[in-house]
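Have a look at the structure below before the remarks.
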Amino acid sequence: MKLVLAIVSNDDASNVSAALTKDNFSVTRLATTGGFLRAGNTTLIVGCDDTLVERVIELVGQESKRRTEIVPSTASYDIGRYASFPVEVQVGGATIFDLDVAQFNKV
């Protein structure tokens, strides 16, 4: 038995969750916050048989695409002034953890 944790962008969460559910996986969604852009993420929790982990990863990958966004950034100068300028960053995609489960009970 495996536990798959997939951290995806909020923009992709509904599509990823729908694709997993359509393929008969039970999915639990948690609202989480990322560290880099302090942006909202969704962590999806999927319990499945060892043989189905690759299918879960495939579905997550199909529905969570990387994209480029422009975000404001500030630079500090030594004289106490700050300048704001746009920076292009890549967002989206998924971070996936595949964990072994010692025991699973559904009551």
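Figures for the structure shown
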| quantity | calculated |
| --- | --- |
| Linear extension gain, residue 107 paired with residue 31, 0.36 nm per residue minus alpha-carbon span | 24.9 nm |
| FRET efficiency, 1/(1 + (r/R0)^6) with R0 25 Å, evaluated for residue 49 and residue 21 via beta carbons | 0.90 |
| Nearby aspartates and glutamates by direct alpha-carbon distance to residue 2 (threshold 12 angstrom, same-chain neighbours under 8 apart not counted) | 49, 50, 54, 98, 100 |
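Every read-out reported here was derived from the displayed coordinates using simple, explicitly stated rules and does not represent laboratory data. Just so we're clear, the structure is a prediction, and the values are computed from it rather than from any experiment. Note: ideal-geometry Cβ built from the backbone for every residue, glycine included; neighbour counts use all protein chains shown.
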